[in-house]
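Coordinate-derived values only; no laboratory data. The structure displayed is predicted, hence computed values, not measured ones. Ideal geometry is used to build each Cβ from the backbone, glycine not excepted, and the neighbour counts take in all protein chains shown.
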Amino acid sequence: MAYMITEECINCGACEPECPNQAISAGDERYIIDSERCTECVGHYESSKCAEVCPVDCCVPDPNHKETKDELMAKYKKLTA
């Protein structure tokens, strides 16, 4: 499933440069993750980098965008083709 950034975001920007898919950008009130580009770092890393670097733990799995590892890998392959 794609990740999302909760309202606890402090707009530090630590997550944006860590995303290998350029899925994170500055929003009006907080950073946002484009679910069409988020692969949970599948294909790039063993774990989600945004969640690793977030100082307030606001990068979390988005329950509205559930995907299997196979679906995430297919999305990764499409994005890197």
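Quick grid of which residues meet (1) farther than 12 Å from MET4 by Cα; (2) touching a strand residue (DSSP E or B) at 6+ places or on another chain (Cβ under 8 Å); (3) crowded, with 16+ Cβ neighbours inside 10 Å; (4) among the aromatic types (Phe, Trp, Tyr):
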site	(1), (2), (3), (4)
SER25	no, yes, no, no
GLU36	no, no, no, no
TYR45	yes, no, no, yes
VAL56	yes, no, no, no
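Give region 26-39 a look and list any residue that's under 23 Å from LYS77 (Cα atoms) and either among the hydrophobic types (A, V, I, L, M, F, W, C) or touching a Cys at 6+ places or on another chain (Cβ under 9 Å) (or both), or say none.
Selection gives ILE32, ILE33, ARG37, CYS38.
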TODO: Just one of (1) touching a residue at least 40 places away in the same chain (Cβ under 8 Å); (2) farther than 17 Å from THR80 by Cα trips up ASN21, so point out which.
DONE: (2)
- [ ] Scan region 6-18 and give yes if some residue there is surrounded by fewer than 14 Cβ atoms within 10 Å (Cβ to Cβ), among the small types (Gly, Ala, Ser) and free of Cβ contacts under 8 Å to residues at least 60 places away in the same chain, otherwise no.
- [x] yes
